[in-house]
1. On full extension of the chain, what length is gained from D97 through A142, given 0.36 nm per residue of separation minus the C-alpha to C-alpha distance?
2. Please tell me the relative contact order of the stretch 32-306 in percent, rounded to the nearest whole number, where contacts are Cα pairs under 8 Å and at least six residues apart.
3. Could you rank T253, T267 by how accessible they are, 1.4 Å probe, largest area first?
4. Report the semi-axes of the equivalent ellipsoid for the stretch 199-308 in whole Å, largest first, where each axis is √(5λ) for an eigenvalue λ of the Cα gyration tensor.
5. Counting other Cβ atoms within 10 Å of each Cβ, which GluC sites (Glu not before Pro) in the stretch 82-173 have at most 14 and sit in a DSSP loop?
6. Sticking with the crude label model, points 7 Å out along Cα→Cβ, report the distance from L265 to M179 in nm, one decimal please.
7. In a GNM of the chain with a 10 Å cut-off on Cα contacts, which of N254, N81, N139 has the highest mean-square fluctuation?
8. Run the Debye formula on the Cα coordinates of the stretch 32-306, all scatterers equal and no solvent, and tell me log10 I(q)/I(0) at q = 0.09, 0.16 1/Å.
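The values are calculated or read from the model by the stated rules, or taken from the named source; none is laboratory data. Worth saying up front: this structure is predicted, and the values here are computed from it rather than measured. FYI the Cβ positions are ideal-geometry reconstructions off the backbone, even for glycines, and counts take in every protein chain you see. For accessibility, only protein heavy atoms count, side chains too; no ligands or nucleic acids. Shrake-Rupley method; radii C 1.70, N 1.55, O 1.52, S 1.80 Å.
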Amino acid sequence: MRARYGVPLGITAVGAAGLLYSAGFEARSFRLRRVTIPVLPAGMRPLRVLQVSDIHMVGGQRKKQRWLRSLAGLRPDFVINTGDNLSDPEGVPEVLDSLGPLMEFPGAYVFGSNDYYGPTLRNPARYLLEKAQGRHGLNGNAPVVGAVHNPWEGLRDGFDAAGWLNLTNTRGMLKVEGMSVELTGVDDPHIKRDRYQRVAGGPSGAADFAMGVVHAPYLRVLDAFAADDYPLILAGHTHGGQLRIPFYGALVTNCDLDTDRARGLSTHAAEGHRSYLHVSAGCGTSRYTPFRFACPPEATLLTLVGRE
């Protein structure tokens, strides 16, 4: 009995324990990361920016909701929401309630594919196959048939009513204690809704600082922002790889960004210009793959300081 079944049973037990840990503990172990980025003009006071991303709200996620509400205690100068707020068509009221205290601060947002469409059950191995074939989302794949349409208009109306800027293929300006921040955003490249040509040309020069915002960090958009000389780009979407291998890192990013930059701060260069890029690992998962391993859910407090 031991010779024939001991090893398979042991592997099964280890696998079950891993799933229990990744879904029952780590996926609910919310963290705040703090990052300092030297991007502001000399003499400008530091700016504290809270980035929230990939909430993927499902009804009843009380711990996540309490944690999101608690982030208002950080008192950021402004908030950037980089999309994928929903993983449940009924989740709009809970998203707005959870972000309500943060909407007391200036802010801006872009949407991700899961704000527009509900998630579908899929084999996780497809992410590895799509990575190998260079196909992600609607970029090279066949159009989705029978997708569930999420009520994203309710999110938009709630964010707009709070005064947050909608950066869907457009620009906006935030006033923060006498300083101005120009924000340029595009809609989600993962489902080919990005229209960078509408906002091309780089910062207008009318603000003290400018930055780019996008949900999915596809290279075509990062190239465009960097070539237009935006000093900072914020993105989400990747979940940091979601299931990372310790001492190795992410296996996939679910876009054409390399896995070394699946989360955190890096740089991106194009046409002789270099931008800082921050990719949030987000604080949620799809309702059909509620697992995280070596990649805790997060929000990030970015402290922008003067250039070195």
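1. This chain segment gains 12.6 nm when fully extended.
2. 26 percent.
3. T267, T253
4. Working from the Cα gyration tensor, I get semi-axes of 27, 14, 13 Å.
5. Of the GluC sites (Glu not before Pro), the ones in loops of the stretch 82-173 whose Cβ has at most 14 other Cβ atoms within 10 Å are E90.
6. Each label point lies 7 Å from its Cα, and together they span 1.5 nm.
7. N139
8. These q points yield log10 I(q)/I(0) values of -0.37, -1.28.
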